[in-house]
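Since the structure comes first, as structure tokens, the remarks are kept for the end.
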Amino acid sequence: MTLRDRIDAVLAATEPLQFPRGERLPIRAMGLEGLPSEDDAENERLLRELDARGIALSARWNPGDVEHSLAEAMRLGRLQQKLGLEIGIDANACMHSFFNGDERTAHIDDADQPFFDASFGEQHKMGCPFALEFRYPAIKAQFEAFLKPYQDAGLQVSFIYLDWEIDGPIEWNEAWEASKRCKRCRENVPDIGDFRAFQKRLRTIRADMQRQVYADTVKAYFPQALVGNYAEYPNDGYRYWYDYFEVLPEGAPVKTDCRAKYREWPNLFPSTGYTFAMPVVYTWYPTFGWYDFEDSDYRWFYNMLLVATNPCKSGGDTVPIISWLHWHTTSPPPDADPNVKQLSEEQYQELIWHMLLRGTDGLMNWCMDAETAKEIALIQQVYAASLEYKEFLDKGTPVTFDVPTVPAPVVSGVRLDDRVLIRRTEFGGIEANVVLRIPGAQPVLIPASPGRCRIIRLRAP
């Protein structure tokens, strides 16, 4: 399925916005990246059609083919700048690979022999987190090969992101055991038997390398750009989800919730230098089996709202939050359990409403190519409807971050002066009013109002 095919399918599945977008961030998707046509008049038409729906195209930078990918990306950027649209970049390939197979990046055992950690897959030769600094200049140069031509051409990058995951220091799988075998790791982490100490040291390195090589480099060329990376966001000390490649090592501290094991996670987002946060709100296949809720939708909704709420309550007032979304059940095994039910479309869209009313600023999608039109349509329908309340979303303050631990009505809201924009989503069959307590106002009674938002005027206590 070509990019043009995906764009045509998205345009057919969505409608132009009824309310102006203003300064609200556009919807972006990994399935909508690149230059769709050799005809620039057609490219302009497609860009306008997408923008009318609140959707943006991003360019992809490829350091393995700088000449071609730079020319294509700048061509798209010129068209976007001509049309007054934001220039967005997927720069993920520029960040790879610190662990490039060079023996200098390997762990060193007590016999002074190099070795790699193979627990992340045969294609990933993961080595010593304390042996990577010599790789920084080469990785930084991969970014500058694109940044400088953009600057020289007067093309203003406004949004740039990575999907940088399986590279650099990572504490999961068998990484802790490998580091215990490594002389260099033991020298750099004297209390390496303490997982918290090991994790904190690796995450500190990982944050610092992202800042030095990527965030600071981009901001040196484009100081106003939104710069971020997949799964880097302010947090409350825990991560409520696992990526497809992550396995919890024995002995790592967790907080349990039914069968869920929420990992401790140091809040080092400020050290990355990023100017926006990127939480990952996915329907990860194992999540369904973590909880015993009879309502299968709430198994997904509960976890995904925990994830989405985490950065909002932990620093969402300091940086924009652009959340990754995926509706189709994520990374199921070949022998997937037929009892694992997909999250319903209705409750997925309710989830997106609650994300926006808790401080999410932008929406980003990853999915399989064939899923793109459906995934974008579900997001865009909520996005378009939410623009009716743009003043609240732009200027308001979230009033609650509560996530019910059992199926029960879920309430989110944004306060603007003496008004609050409220949405209540029904779980648990509870018809009673929900009492919402907002500082400086009388308690607010929230009745059931399926499928709609309400504006309530607050009263002084």
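The values are calculated or read from the model by the stated rules, or taken from the named source; none is laboratory data. A quick note: this is a predicted structure, and the numbers were derived from the prediction, not measured. Cβ sites come from the backbone with ideal geometry, for glycine too, and all protein chains shown count toward neighbours.
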Across the range 412-441, what is the total count of residues that are at pLDDT below 90 and over 22 Å from Leu393 (Cα atoms)? 1
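Which residue out of Val411, Val444, Val420 is free of Cβ contacts under 8 Å to residues at least 40 places away in the same chain and surrounded by 21 or more Cβ atoms within 10 Å (Cβ to Cβ)?
Exactly one of Val411, Val444, Val420 is free of Cβ contacts under 8 Å to residues at least 40 places away in the same chain and surrounded by 21 or more Cβ atoms within 10 Å (Cβ to Cβ), namely Val420.
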Are any of the residues in the range 303-321 farther than 26 Å from Lys219 by Cα and not in a helix (DSSP H, G or I)? no
Return the residue satisfying two criteria in turn: it lies in the range 122-161 and is surrounded by fewer than 17 Cβ atoms within 10 Å (Cβ to Cβ), touching a residue at least 40 places away in the same chain (Cβ under 8 Å) and of a type in the set (A, V, I, L, M, F, W, C), and of such residues it is nearest to Gly64 (Cα to Cα). Ala145
Pro20: in a loop (DSSP other than H, G, I, E, B), in contact with a Leu (Cβ under 8 Å, 6 or more places away or on another chain) and more than 27 Å from Tyr389 (Cα to Cα), yes or no? no
Conditions (1) surrounded by 14 or more Cβ atoms within 10 Å (Cβ to Cβ); (2) within 30 Å of Pro320 (Cα to Cα): number failed by Leu83: (1)
Which count do you get for residues in the range 376-408 that are outside any helix (DSSP H, G or I) and either in contact (Cβ under 8 Å) with a residue 40 or more places away in the chain or of a type in the set (S, T, N, Q) (or both)? 9
Kindly provide the set of residues from the range 139-191 that are more than 30 Å from the chain's Cα centre (by Cα) and acidic (Asp, Glu), ordered by number. Asp152, Glu187, Asp191
Taking only the range 285-302 into account, find how many residues are in a helix (DSSP H, G or I) and either small (Gly, Ala, Ser) or in contact with a Cys (Cβ under 9 Å, 6 or more places away or on another chain) (or both). 3
Among the residues of the range 253-308, what is the count of those that are more than 13 Å from Trp241 (Cα to Cα), of a type in the set (Val, Ile, Thr) and out of contact with any helix residue (DSSP H, G or I) (no Cβ under 7 Å at 6 or more places or on another chain)? 1
Selection count where residues are in a loop (DSSP other than H, G, I, E, B) and more than 29 Å from Ile89 (Cβ to Cβ), scope the range 334-367: 11
List pairs: first residue in the range 16-39 and under 24 Å from Ile160 (Cα atoms), second residue part of a loop (DSSP other than H, G, I, E, B) and of a type in the set (Phe, Trp, Tyr) anywhere in the structure, Cβ distance under 8 angstrom, at least six positions apart or on different chains. Ala29/Trp366; Met30/Trp366; Gly31/Trp366
Checking Ser119, Ser97 in turn, the sole residue that is surrounded by 15 or more Cβ atoms within 10 Å (Cβ to Cβ), closer than 24 Å to Tyr233 by Cβ and within 26 Å of the chain's Cα centre (by Cα) turns out to be Ser97
For the range 180-269, give me every one of the strands (runs of 3 or more DSSP E) that falls completely inside it and has 2 or more residues that are surrounded by 15 or more Cβ atoms within 10 Å (Cβ to Cβ) and among the hydrophobic types (A, V, I, L, M, F, W, C). 226-229
Inspect the range 210-221 for any residue being at pLDDT 95 or above, touching a strand residue (DSSP E or B) at 6+ places or on another chain (Cβ under 8 Å) and within 20 Å of His107 (Cα to Cα) and give the result as yes or no. no
Could you tell me whether the range 363-386 includes any residue that is closer than 26 Å to Gln224 by Cβ, crowded, with 18+ Cβ neighbours inside 10 Å and more than 19 Å from the chain's Cα centre (by Cα)? yes
Out of Pro398, Pro404, Pro450, I need the residue that is touching an Asp or Glu at 6+ places or on another chain (Cβ under 7 Å) and under 27 Å from Tyr282 (Cα atoms). Which one? Pro450
Assuming Phe99 fulfils every condition listed in (1) under 26 Å from Ile321 (Cα atoms); (2) part of a loop (DSSP other than H, G, I, E, B); (3) not polar (S, T, N, Q) apart from one, which condition is it? (1)
